[in-house]
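For reference, the structure discussed in these notes is given below.
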Amino acid sequence: MITDARAIVSARIGKSRSWTLRSYLDNGGYDGLRKALSMEPAEIAEEVLTANLLGRGGAGFEAGKKWGMLRQADPKYLVINGDESEPCTFKDHMLMEEDPHQIIEGVLICAYAIGATQAFIYVRGEFALGLERMSAALNEAYSFGAVGRNIFGSGFSIDLVIHPGAGAYICGEETALIESLEGKRGYPRDKPPWFPAVMGLYKAPTIVNNVETMSNLPWIVLNGGQAFADLGIGRSAGTRLFSLSGHVNRPANYEVEMAKTTFHDLIYDPKLGGGIRNDRQLKAFVPGGVSAPWFGPDQVEMALDQDPVGKAGSMLGSGSVVVMDDTTCMVRAAWRITRFFHRESCGQCTPCREGGGWLDKIMRRIEEGQGREADLELLLDVCDNIAPGLGWPPQKTTICVLGPSIPSSIVSGIKMFRDEFLVHIKDGRCPFGG
Amino acid sequence: MADEPIKITVDGKVIEAKQGEMVIAAAERGGTYIPRFCWHPRMRPVGMCRMCLVEIKGPRGFALMPACFVPVADGQEVVTDSPKVKKAQDGVLEFLLINHPLDCPVCDRGGECPLQDQTFAFGPGESRFVEEKRHWAKPIPINPLIALDRERCIQCSRCTRFADEVAGDAMIDFIGRADSTEVNIFAGRPFTSNFSGNVVQICPVGALTATPYRFKARPWDLEVVESTCTACAVGCRMALQSSANRLIRHLGVDSDPVNHGWLCDKGRFSYEQTDNASRLRNPLVRKNGQLVEASWNEAMVAAAEGLHRAGNSVAVLGGARLANEDAYAWAKLAKGVLRTDNVDCQMGDGLPGELVLGLPRATIDEACAASAVVLLAPDLKEDLPVFYLRLREAAVDGKLKLIEMTPHGTGLGKHAELRLRYRPGEAAAVARALAAERVPEEGAGGVTAADIGAAAEVLGAAESVVVVVGRASLSESGESIADAAGVLAAAMPDARFLSALRRGNVHGALDMGMAPGILPGRVSLDDGRDWFTAAWGQVPAARGLDAGGILAAAADGKVQALVLVGADPVSDFPDRALAVKALETADFTVVVDLFGEGPSISDADVVLPAAGYGERPGTTTNMEGRVTRLGQKVTAPGTSRPDWMIAADLAHRLGADLGFQTIDDIAGEIERLAPAHAGLTPQLLARAGYRDGIVVPLGDTKPTEGERATEAIEVTANKAHTGNVVLENDPDADAPLEPGGPSGRERDGGAVGRSPGGAPDMTRPPLIRHRPPAPARQAPPVDAYSLRLVAVRTLYDAGALVSHSPSLAALAEGPCLRANPADLGRMGVKTGDRVRVSSSRKSLVLDVAADPRVLRGSAVLAFNAPGAGAADLIDATLPVTDLRVETVK
Amino acid sequence: MARLTAENLQRARQLIALYPQSRSALLPILHLAQEQDGWLTPDAVAHVAEVLDLEPAEVYGTASFYDMFFTHPVGHHLVSVCTNLACMINGGEELLEHAQHRLGVAPGGTTADSQFTLEEVECIAFCGAAPCLTVNWRFFGNVSNDDFDRLVEDLAAGRLADDVPPHGTLNRVRRQVGLMAGAAVSPGDDDDAKPPQATAK
Ligand SMILES: Cc1cc2nc3c(=O)[nH]c(=O)nc-3n(C[C@H](O)[C@H](O)[C@H](O)COP(=O)(O)O)c2cc1C
Ligand code: SF4
Ligand code: FES
């Protein structure tokens, strides 16, 4: 069902010139920061722990827990992940364009809570408007005294830097993002020992959090962690933004209460997705970014609840749901996703670098009618050499999870639509005319 | 804690591991080899290639992890042979092969290729990859020495990491992303590194190949022997490889105390000189004005007569190119038979022997472990390249504080804590200010009081100080450096010194007495007089002349006969005019050399062909005083002979007997007579435990334990041999050197030894102790119209080694005068102009370049560049050389 | 062409001042260089290397990792059509087809008059308005073939100059303060661009 929970992070979106300081202040802007600065840093961390705020970037790790693991040594850095590049995810994009001050306020609260020396917001390079809105907002915030020296006379000082990316999906992975922020090629670091909280930016303890995660902080500080935890169920607390796209009538970002809302609500409710276009049949959907294994119609009643979705062998991940109706060629869909990962591999790990290219080539052959009977088993075995066991969450022969994400669409496709693959191979052409 | 023993289990077998090492290294020592490509024992791990995946037990049970990236932990459980591991590794290997050309039959690396080996050992059969392979244009040169084949590259990043992390020359990097990642240079900026050849050696496939070596040979018909490089005084261990009696490749061998497996390009490609067409095959004798081939007998008779005629007005120059045994033989001939002390293995480009031998010595390891190092030395990157790598690593890792005390910036400058740029010639003044109670406000030698004060503070706070001492500029007299070093030694009694003399075995030659006032085993002529008189029958009456004195005397006819033993004063002596005059004037000259041409041969009366590097056994001594064994792999051309034989034969012709038939006889005599070398028997040196050599005097050297860090190319260790002694799998291979063992070996000798000449036992003479020299002459103030010359060496010059190694000769750049833009502006000169440069000696027309890093008031010029160099301008009789610069229309 | 201009060199130094380590300013400075010349000229790469005390190979190698940096000239208008999943199933590939015909160049190609460079891109996070594209990184959603033709005409006629700045211009809003919390570094004021309007329609 869709609940009457009020929007938290998207509350101001749609208000006129919502990205300006004026509009932000008219709507309670920076009250959270003022209150935070009157509290002890530890109290804030405590509230966030109580709130059960799960990271919104993809890994879904409790923000409060992560802050608690920060190695206590100076300098400490706070790095905000605004690189949103997981295909079909477009919530952070919206937040940065429409409500930049909310992000900045959240970042300042977090910086104060963890005692950061300096904070950086890494904004995906392609988000030109987002960069301009964030930069303008930061200039306003500085002149308003919300950033910089002695914030609101509290004695707390911190500088914030908006850092543009330059077009590389992998830089969304937190350690690659750190390398990129250090001015290098975006190579993820092997963990251990490179857990950012221990050895992050410039080898210093670093917290990496997502833009939406930050956007929740002003509300949590103002309303208390408990109020947030009361929304949703258990670990899946609060509301969350879902990017709904594909074959739905009303593709958009929707903020709904977690665990109580289902995929079905999201896709079919008139106030949300409004159902599948031209009343066609749901064939399959991506539950949480194209890294995630697909779900089919029989999982549509499942709630937007992190742990059950995980047990079912996929994830809410980046919070993007892509709906595919019965006109979709699943081979082509899987191939397109494979091509994406192939192109976006950073190239360090042999299995990802070489495997990605190989899988791309095989999928292309099949879609273009050059497939061979043996290719399906070959696909699965090559996938198994990148993600042994082909389970989710994956085991890996690689450094980061991009590699083991390549198999997700291929394995889902073969598991759920083997016949469709075989038809491509037998007929030597794509039945959907692709 | 660092020494707590760590135990880990590998495939059920418990093994000992060292704190901080990676599982892959511990497992290997424990006998389990885990396949790898990106991991290199001398570089930081990156865990990229994923070949070393094994199962390691963590909090959540066993998981696949890269053995190269997981540090050992006590109780750790590692499984390397499970089906899961096998599948993962086979998978990685298959991934690496799908785009690999598999052109092994035409690949230089075929037969010694880790990828090929892994494929045989672990790989699947026929390929499941039916798609089109990746294509790149190939091969492409990344510098004149190295070709790159991007299709063979497996993106292990060893080369790019070496360039950045080890050499500090990040001129190659990854370009692109995903499976179109390539290694390359930036267009138009070649990989100009003095160390580029190392990337060829560490490349685990045939992607990087050495242009001089391409298609020369196949690994399986290569013979190999371990040896020490004598291209400079660092003494890197390396493998000489030959095919059909030709040296065709040098590979770095990982010697822990010295080179960590690295070589500089000069050493790596120096083998080219060995079969250079201009190698002498037979003796030459001057007959009615012409040098013509002659028999050894004829030549020896001529040589003996000439020397006999000259009586004791004979001088011997050279020795730094020889093996220790050769140098000993020549010292014995000169001082014991010819009875002349006019002997010098340095060409006026070094430091007084007493200083080098007398100062408390440091090892390379000690320098790298020191808390502060003073660089009163030339640009190590050019002069002693691999020592530069060692120091750079120590400085970059941050523990070591460098104080660069030079008139011009060196390669280590950017890692230095402080740069004391003194006016050429005024090093001693700066040293005195450093040592002074309070630093004079006006500073000293052009260095500000602030900088000197800061340096004094660093040195004061330092737990251990090492001074690297050598000639930063050859136009600055050696005495001023000797003075400066003496002042520092007096001011810092606990400081140790590391000589930065450059020529191959110059330290061995000094040890063997190839210098005025010095006798074999680091004793002074006076202290050793009785001991060596007893042994040799006679020694010179008094201290003789050094190279400068010898050439000056020869120039005005006071030395009749000159013997040049592998010496080339015309290109090496700082004052070329003097050298030329001396050779012209001397009425009899014997040259013992490798090559039939060369500036110093033209006036010779007798030329004797010597066996060179790789053609004779023996030992050599590096800058630390570390004695290692040279390997012989090929036979010398024609009738050339080892230098020691020539000395022995010559002695014989002069009616004396040096008393040895074999090189081992000499080694034995050195051990018996040379106080510093007591106990250094060929047997000891041949032990596996001492394959990295022994620092004399004996006592401190710890035996090297275990195997050498393995590398892409394995060199069967310790196949090297001096003379007949060959010891392999020797039982007490690494028995420690128990102090005061055979024939006494305390640091300063003094123990009772076997009598040298059968006379009753007598006391070994003491080793030379450094005594501060008299203060050096003051350099006159430089006038406003002149620039003071800084003469620096470059790795590639017009010297014998480079000019006879075609691949290297091509890299030597012509002379170019560099000066500060301000000074050039003042003279109305700009980069690219031609200028006339005049000194009291000569005037040259040179290209000029503005360089802001050059100190105002000075000008930098390569010492010995092809064509012309600072040697033409320097007046060695003056403390400094000033230049007039004017534009030529 | 073209080292950094004196003004851009000064901006580069201001960027460096924002980070604890200078190399962190590499990407921002490369964007600056691309804003100046439309692509990363070899001279600019070498100059940036000088400024950051890096080797040109390191700068070039890093730049080449990122899709937004061009090491060859591109048109005044960089048209980037997304064909990733949401767009693909909403006609993104057909839109790309149409764009090729309309502009007469294949993806990666530049029109003879160097007005337009066409490229196929991965998801640009505008999937709610699929199929979508960007021009010089300014977003256009729900693009039909007719929309596309109109867009091309407007661009060619310069009618969208306000919303779509020249290719390479990423961020028209300049930071107005240096670091304050630590050592104060003032970038020295320069023109502060107007907060731009949304370009997403
Ligand atoms: C391949 C890959 C891509 C990722 N992309 C993003 C991204 O675009 N945005 C993001 O916030 N997190 C991304 N993540 C997750 C980050 O690594 C990190 O977990 C997250 O930013 C932490 O913030 P959070 O705890 O607030 O979610 C990605 C992870 C991987 C493995
Ligand atoms: S898995 Fe792929 S993307 Fe991740 S680090 Fe390895 S190569 Fe790079
Ligand atoms: S798939 Fe096209 S914008 Fe997301």
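Which ranges mark the helices (runs of 4 or more DSSP H) fully within the range A:324-434 that have 3 or more residues being over 23 Å from B:Ala178 (Cβ atoms)?
Details: elements: A:330-344, A:350-367, A:375-386, A:402-427.
Answer list for the range A:324-434: A:402-427.
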*asked:* Which numbered condition in (1) within 30 Å of B:Ala534 (Cβ to Cβ); (2) surrounded by 21 or more Cβ atoms within 10 Å (Cβ to Cβ); (3) not aromatic (Phe, Trp, Tyr) is the only one that B:Ala304 fails?
replied: (2)
*asked:* Quick check on the range A:1-38: of everything there that is closer than 19 Å to A:Ala111 by Cβ and small (Gly, Ala, Ser), which residue is surrounded by the most Cβ atoms within 10 Å (Cβ to Cβ)?
replied: A:Ala36
_I'm trying to understand the selection: among the residues of the range C:163-174, which are touching a Leu at 6+ places or on another chain (Cβ under 7 Å) and within 8 Å of chain A (Cβ to nearest Cβ)?_
C:Leu170, C:Asn171
*Inspect all residues belonging to the range A:368-390 and state whether any of them is crowded, with 17+ Cβ neighbours inside 10 Å, of a type in the set (Gly, Ala, Ser) and away from ligand 2 (no atom under 13 Å from the Cβ).*
yes
*Residue that is farthest from the other protein chains (Cβ to nearest Cβ), among those in the range A:124-141 that are within 15 Å of C:Thr169 (Cβ to Cβ) and touching a strand residue (DSSP E or B) at 6+ places or on another chain (Cβ under 9 Å)*: A:Gly130
_Need the failing condition index for A:Ile386 against (1) more than 9 Å from chain B (Cβ to nearest Cβ); (2) in contact with a Cys (Cβ under 7 Å, 6 or more places away or on another chain); (3) within 16 Å of ligand 1 (Cβ to nearest atom), just the number._
(1)
*Among residues belonging to the range A:201-255 that are over 20 Å from the mean Cα position of the chain (by Cα), among the hydrophobic types (A, V, I, L, M, F, W, C) and closer than 26 Å to A:Leu177 by Cα, point out the one that is surrounded by the most Cβ atoms within 10 Å (Cβ to Cβ).*
A:Leu201
*Filter the range B:68-101 down to residues that are buried (at least 16 other Cβ atoms within 10 Å of the Cβ) and away from every other protein chain (no Cβ under 12 Å), then give me how many there are.*
6
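Rundown of residues vs (1) touching a Phe, Trp or Tyr at 6+ places or on another chain (Cβ under 7 Å); (2) within 22 Å of B:Trp262 (Cβ to Cβ); (3) in contact (Cβ under 8 Å) with a residue 24 or more places away in the chain, yes/no style:
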| residue | (1), (2), (3) |
| --- | --- |
| B:Lys7 | no, no, yes |
| B:Lys13 | no, no, no |
| B:Glu16 | no, no, no |
| B:Ala27 | no, no, yes |
| B:Glu55 | yes, no, yes |
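Return yes or no: is A:Gly319 touching a residue at least 40 places away in the same chain (Cβ under 8 Å), within 16 Å of ligand 3 (Cβ to nearest atom), more than 30 Å from B:His100 (Cβ to Cβ) and not aromatic (Phe, Trp, Tyr)? Working first, answer last.
Working: touching a residue at least 40 places away in the same chain (Cβ under 8 Å): yes; within 16 Å of ligand 3 (Cβ to nearest atom): yes; more than 30 Å from B:His100 (Cβ to Cβ): yes; not aromatic (Phe, Trp, Tyr): yes.
When the stated conditions are applied, A:Gly319 passes them.
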*Among the residues of the range B:851-869, is there at least one that is touching a Phe, Trp or Tyr at 6+ places or on another chain (Cβ under 7 Å) and surrounded by 14 or more Cβ atoms within 10 Å (Cβ to Cβ)?*
yes
_Long-range neighbours under 9 Å by Cβ, at least six apart or interchain, first residue facing chain C (nearest Cβ under 7 Å) and β-branched (Val, Ile, Thr) within the range A:160-188, second more than 9 Å from ligand 2 (Cβ to nearest atom) and in a helix (DSSP H, G or I)_ = A:Val161/A:Leu138; A:Val161/C:Ser24
*State which residue is farthest from ligand 1 (Cβ to nearest atom) when the search covers only the range C:83-93 and only residues that are more than 8 Å from C:Pro131 (Cβ to Cβ) and more than 21 Å from the chain's Cα centre (by Cα).*
C:Glu93
_Considering only the range B:12-20, I want to know if a residue exists there that is out of contact with any helix residue (DSSP H, G or I) (no Cβ under 7 Å at 6 or more places or on another chain) and within 13 Å of another protein chain (Cβ to nearest Cβ)._
yes
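For the range A:71-94, what are the residues that are away from every other protein chain (no Cβ under 13 Å), hydrophobic (A, V, I, L, M, F, W, C) and more than 13 Å from ligand 1 (Cβ to nearest atom)? Please lay out each step first, then the result.
Step one: filter the range A:71-94 for residues away from every other protein chain (no Cβ under 13 Å), giving A:71-73, A:80-81.
From the residues that got through so far, the ones that are hydrophobic (A, V, I, L, M, F, W, C) too are A:73, A:80.
Once the filter is applied, which keeps residues that are away from every other protein chain (no Cβ under 13 Å), hydrophobic (A, V, I, L, M, F, W, C) and more than 13 Å from ligand 1 (Cβ to nearest atom), the range A:71-94 yields only A:Ala73.
Condition check ((1) in contact with a strand residue (DSSP E or B) (Cβ under 6 Å, 6 or more places away or on another chain); (2) buried (at least 21 other Cβ atoms within 10 Å of the Cβ); (3) modelled with pLDDT of 95 or more; (4) at the interface with another protein chain (Cβ under 10 Å from one of its Cβ atoms)) across all residues:
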| site | (1), (2), (3), (4) |
| --- | --- |
| C:Gln14 | no, no, yes, no |
| C:Leu27 | no, yes, yes, yes |
| C:Glu35 | no, no, yes, no |
| C:Ala49 | no, no, yes, yes |
| C:Thr62 | no, yes, yes, yes |
| C:Phe69 | no, yes, yes, yes |
| C:His72 | no, no, yes, no |
_Verdict on A:Gly317 being within 14 Å of chain B (Cβ to nearest Cβ) and within 16 Å of ligand 1 (Cβ to nearest atom)_ = no
_Single match in A:Ala334, A:Ala303 (criterion: within 16 Å of ligand 3 (Cβ to nearest atom) and touching a Ser or Thr at 6+ places or on another chain (Cβ under 6 Å))_ = A:Ala334
*Checking C:Ile124 against (1) over 14 Å from the mean Cα position of the chain (by Cα); (2) of a type outside the set (Ser, Thr, Tyr); (3) within 16 Å of ligand 1 (Cβ to nearest atom), which single condition isn't satisfied?*
(1)
_Residue tally, condition in contact with a helix residue (DSSP H, G or I) (Cβ under 7 Å, 6 or more places away or on another chain) and either within 12 Å of A:Ala334 (Cα to Cα) or without any contact (Cβ under 8 Å) to a residue 24 or more places away in the chain (or both), over the range A:383-404_ = 6
*Checking A:Glu86 against (1) within 16 Å of ligand 2 (Cβ to nearest atom); (2) under 24 Å from A:Ile158 (Cβ atoms), which test does it fail?*
(2)
*Single unsatisfied condition, A:Gln299 versus (1) within 16 Å of ligand 1 (Cβ to nearest atom); (2) more than 14 Å from chain B (Cβ to nearest Cβ)*: (1)
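The values are calculated or read from the model by the stated rules, or taken from the named source; none is laboratory data. Quick caveat, the model's predicted, so the values are computed rather than measured. Positions of Cβ are generated from backbone atoms using ideal geometry, with glycine treated the same way; all protein chains shown enter the neighbour counts.
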